[in-house]
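Reviewing the structure listed below.
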Amino acid sequence: MTDRIIIFDTTLRDGEQSPGCSMNLEEKLRMARLLDELGVDVIEAGFPVASPGDFEAVNEIAKTVKNAVVCGLSRATKGDIEASGNAIKPAQRKRIHTFISTSPLHMKYKLQMPPERVLEAIRESVTFARNFTDDVEWSAEDGSRTEDDFLCQAVETAIRAGATTINIPDTVGYAVPEEYAAKFEMLRARVPDMDKAVLSVHCHNDLGLAVANSLAGVKAGARQVECTINGIGERAGNAALEEVIMAIRTRPDLLPYANNIDTTKITKISRALSVITGFAVQPNKAIVGANAFAHESGIHQDGMLKHKQTYEIMTPESVGLSESKIVMGKHSGRHAFRKKLEELGYELGDNALQDAFARFKALADKKKDIVEDDLIALVEDEAVAEHQPVQFMALQVQAGTKGPQVAELTLRVNGEEKHARVEGNGPVDAIFGAIRAIVPHPDVYLKLYQVHAITGGTDAQAEVTVRLEEHGKTVSAQGADADTLVASARAYVHALCKLDAKRTQVNPQAAMAAGAP
């Protein structure tokens, strides 16, 4: 037993399977680089057999990542495993993660296989995966609802076939901490070769217990935690990486475990994921929510003024938040702007810096004081737009009680500027109508339109979230600007580009299984 915890991040695989959370290749590569900088040990980059796009993304991540192990997910079939093996081939360190259901419910209704055949499939799949890498992880899908005797047989079979990591997922978020911990204690006591493999936890949040269950598993002997940034994932999501890590950091008296995470990069990667996916972080979200270090109660404020630890068990700086040392405004120069971005963890190339600085100057003309959240929203929005086939250029809107409401819009489509002037039932409807006129998409429906202010005050930047649906596929995206209508146009264009990227045909059988483990 060691006190070192392996952090296995599945944001790009399990997290991306959240409805509307899909990412294109550039976005996945950006997140992979950020995860590598954060210090995660394993990046589960995707499910290569699911689609050509997923295979390409895993393959490119394998070429890009410098420190973390790059992992591909596979069902217990040779086709899946071969796809993963080929996708991760360029990685300096690589892993294949294969799984099969082991609970009575799943074996009977999902697999329609007897237990003996499941054991045979475990043996065959792990053995075959070893042809591509010595680092093979095996998961017992629905492990928390699997009978103990059969789970022991399955785990022993996987280890003897060569699995080096054994994952016992709480696939449907059904377990409570005590019973989940008991599974790991039972396996350590009953499986003869258990010391030859690392035990892993993978918890879903259907009952809000994903982090609690993960930590219970660690205390019971698991030494790998599978988690996602912001807790995104199927249904109610996965265990949130930032919550697991900060719990360990804050309570070393009860959780005396080491890990390789640079916590000062947590806020940056959380915000980047939020912008990329269009999923805003709820204000009261632990660690990374806007209110996580905010104090409004008079009693709390009084305590904070006397001693910060009265109401803060961790510092904002420990997760990458900091007080501004440089006041940014319309008189700030390019050097100060670059310096401030570097403090926030952003290193932009000359062209990207020039574009971001131009938008900063435009914002500074409208807003007296530019705070960190304004800069982060500006840079993240610019990063999302940089490689899109459709880009926002200009917008003029006529609105008010007299009407009609009219939007005059300019977009750049595959390098060519196009214009439209459209009337609508309100300014937002007119803007979205103008986008539809320039880039026709008759089968796409708007499912969500949401606006919130990034900072306080009447001059605050607006952050708009748009969710679109086409033939059952959903995507979400965000746009930010001091003008709410401009932010709306940016968000819709971002979402439309993501939907276009998602049109790659998915392997239907693989897609059905993609929720596992």
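Read-outs throughout are calculated quantities, based only on the coordinates presented, and are distinct from any laboratory measurement. Everything quoted here is computed from the prediction, not taken from an experiment. Here the Cβ positions follow ideal geometry from the backbone for every residue, glycine too, while neighbour counts run over all protein chains shown.
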*Convex hull volume per residue in cubic angstrom - Cα atoms of the chain*: 156 Å³
*Can you give the % of DSSP beta bridges in the chain that are antiparallel, to the nearest 5?*
50 percent
*Helix-only CD estimate at 222 nm, as mean residue ellipticity for the chain, using -39500 (n - 2.57) per DSSP H run (n ≥ 4)*: -12000 deg cm²/dmol
*Determine the alpha carbon to alpha carbon distance for each of K340/K361; K66/K94; K183/K285; K265/K498; K473/K498 and list only those over 18 Å.*
K183/K285; K265/K498
_Output the 0 to 90 degree angle, nearest 10, between the alpha-carbon long axis of helix 350-366 and the longest principal axis computed from the alpha carbons of the chain._
50 degrees
*Cα gyration tensor of the range 321-384, axes a ≥ b ≥ c as square roots of the eigenvalues: rounded (a/c below 1.5), prolate (a/b > b/c) or oblate?*
rounded
_Kirkwood Rh and Cα Rg combined as Rg/Rh, the range 316-446_ = 1.06
*What FRET efficiency would be calculated for the residue pair D365, H441, taking the C-beta separation as r and a Förster radius of 35 Å, to the nearest 0.05?*
0.55
*Estimated FRET transfer efficiency when R0 is 35 angstrom, pair R503-D483 (beta carbons, to 0.05)*: 0.70
_Need the C-alpha centroid separation for the range 33-64 versus the range 69-88, integer Å._
12 Å
*Rounding to the nearest 20 debye, state how big the charge dipole of the range 22-89 is about its Cα centre with +1 on each Lys and Arg Cβ and -1 on each Asp and Glu Cβ.*
140 debye
*Report, in whole Å, the centroid distance computed from the Cα atoms of the range 394-435 and the range 220-267.*
45 Å
_Nearest 10 degrees, 0 to 90: helix 25-38 Cα axis against the chain principal axis_ = 70 degrees
*Long-range amide H contacts for H204: which residues qualify at under 5 Å (H placed 1.01 Å from N, peptide plane, sequence gap of 5 or more or a different chain)?*
D170, G173
*Using only alpha carbon positions, build the gyration tensor of the range 1-136, then give the equivalent ellipsoid semi-axes as the square roots of 5 times its eigenvalues, largest first, whole angstrom.*
26, 17, 15
*So what J values fall out for the range 83-98 if you push phi through Karplus, 6.51 cos²θ - 1.76 cosθ + 1.60 with θ = phi - 60°, rounded to Hz, Gly and Pro as x?*
4, 5, x, 6, 5, 8, 3, x, 5, 5, 9, 9, 9, 10, 10, 10
*Can you tell me the order of 250-258, 44-52 when each peptide is scored by its average per-residue count of other Cβ atoms within 10 angstrom, highest first?*
44-52, 250-258
*Quick one: which of 90-101, 147-158 comes out on top by average Cβ neighbours within 10 Å, and what's the full order, highest first?*
90-101, 147-158
*Measuring from the lowest to the highest alpha carbon on each principal axis, how far does the range 387-501 reach, largest first, in angstroms?*
36, 29, 26
*Compute the distance in nm between two label points, each set 7 Å from the Cα along the Cα-to-Cβ direction, one at E124 and one at N351.*
5.0 nm
_As a test, work out the antiparallel percent of DSSP beta bridges whose residues both lie in the range 127-242, rounded to the nearest 5._
5 percent
*Working from Cα positions, state the angle (0 to 90°, nearest 10) between the long axis of helix 427-438 and the longest principal axis of the chain.*
70 degrees
